[in-house]
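Any read-out appearing in this document is the output of simple, stated calculations on the displayed coordinates, not a laboratory observation. All values derive from a computational prediction rather than experimental measurement. Here Cβ is always computed from backbone atoms with ideal geometry, including for glycine, and neighbour counts include all displayed protein chains.
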Amino acid sequence: MIERTLFDADHEAFRDSFRKFVDKEVAPPHAAWEEQGYVDRQIWNRAGELGFLCMTLPENLGGLGVDRRFSVIQFEELSRAGCTGIGWSLHSEIVAPYIAHYGTPEQQARLLPAMVRGEMISAIAMSEPAAGSDLQGIKTTATPQPDGTWLLNGSKTFITNGWHADLVIVVAKTQPDAGAKGISLFLVERGMPGFEKGKRLKKLGLKAQDTSELFFNNVRLGPQHLLGGLPQLNQGFAALMTELPWERLQIAITAVAAAQAAVDQTVAYVRERKAFGTTVGHFQNTRYTLAELQTEVQIAQVFVDRCTQALLEGKLTTTEASMAKYWCSDLQCKVMDECVQLHGGYGYMWEYPITRAYADARVQRIYGGTNEIMKELISRSLGLGGR
């Protein structure tokens, strides 16, 4: 195994601390959370109490001001443990950065400290029943009113943290005929008249993650609810495009960590499982399959670490993030499928971690922009085709 040089001693000390927290307080109740369809809010409060939420925010905004490698460690450790119901990555490393980078000082001061403490759970609402990867195709509108407010109308679906959410960044059209130049981001909070949450969606995997529908019926929004205030009116699409590479790299990071965990679990299983008078790990097919998988996961890890380093240096490109997201999520699904096969019938039983990992993996090729969209973006960087 190639030694990873991305982390220093402080990072590894944090990994040890966070791993102990996950193993003690997150992993044990996770199966029960999968049954009920959501994690308990208390674990959010506990994470906030320990300083595990929004760590990369500057100290003046309530965070610890640490670099994003600490977040990478969190993603990896939660993936290693199979704790896919935890929505902290979206809360801490997608929603919080939008507010930190684009919010007004008043919005930052009011919202971010509560997010750091785990008292305010956040989500971002992009996808709609008829618009997924194509953000320009959204139908949700925020229509300007004579008094300087907007009326928000529409619906969103597949929203991570949606059922728990106290705060949602909603992507809406403020100039429907202006395409990408007519999209704005609004801050919608629990309890606003006209804002309703639908049922928790029953999914193939990620069963402990509270994914839901959201509905907006004449939700009245003032300038204080427009992310960034009036200067950011109709600037939402540019903000989304700026933040998406990090979101896509997060998917790649979790994909590689989950794939490595699956290989490790399968190696342990085939060493013990016996068939035809010997262990399954003794068969050439088993050994060669796992050798191939470990090699590919190692290659993916090196590339993801390189992309992470580029992110830290402010050099991560949309193309590189798209490559990482597509390649690593494809590999994750391949690894899970092969590892289920090596588990035999037990690989189809829900109580086995590999079975749940198999189900959890499939959505990685869909959200954050489908892998087909990733290939489109990569092909454009080559000067080929595309509209």
Dipole moment magnitude, nearest 20 debye, the chain about Cα centre, only Lys, Arg, Asp, Glu C-beta charged
700 debye
So what is the relative contact order for the chain, in percent, with contacts set as C-alpha pairs under 8 Å and at least six apart?
15 percent
Using square roots of five times the C-alpha gyration tensor eigenvalues, list the equivalent-ellipsoid semi-axes of the range 9-120 in whole Å, biggest first.
24, 17, 11
The chain: calculated mean residue ellipticity at 222 nm from DSSP helix runs of at least 4, using -39500 (n - 2.57):
-15000 deg cm²/dmol
Which of the peptides 90-100, 217-227, 7-17 is most tightly packed, and how do the rest follow, judged by the mean count of other Cβ atoms within 10 Å per residue?
90-100, 217-227, 7-17
Rg/Rh (Cα only; Kirkwood hydrodynamic radius) as it applies to the chain
0.98
Could you put Ile43, Ile121, Ile2 in order, starting from the residue whose Cβ has the fewest other Cβ atoms within 10 Å?
Ile2, Ile43, Ile121
Charges only on Cβ, +1 for Lys and Arg, -1 for Asp and Glu: so what's the dipole of the range 139-231 about the Cα centre, in debye to the nearest 20?
440 debye
Round to a whole angstrom and tell me the spacing of the C-alpha centers of the range 207-227 and the range 323-361.
33 Å
Over the range 184-335, what is the mean sequence separation of C-alpha contacts under 8 Å (at least six apart), divided by residue count, expressed as relative contact order in percent?
25 percent
Per GNM of the chain with C-alpha springs under 10 angstrom, the most fluctuating residue out of Val168, Val39, Val280 is Val280
Hey, how much of the P(r) for the range 228-329 falls beyond 20 Å, as a percent of Cα pairs?
54 percent
Would you please put 51-63, 348-360, 332-344 in order of how densely packed they are, using the mean number of other Cβ atoms within 10 angstrom per residue and starting with the highest?
332-344, 51-63, 348-360
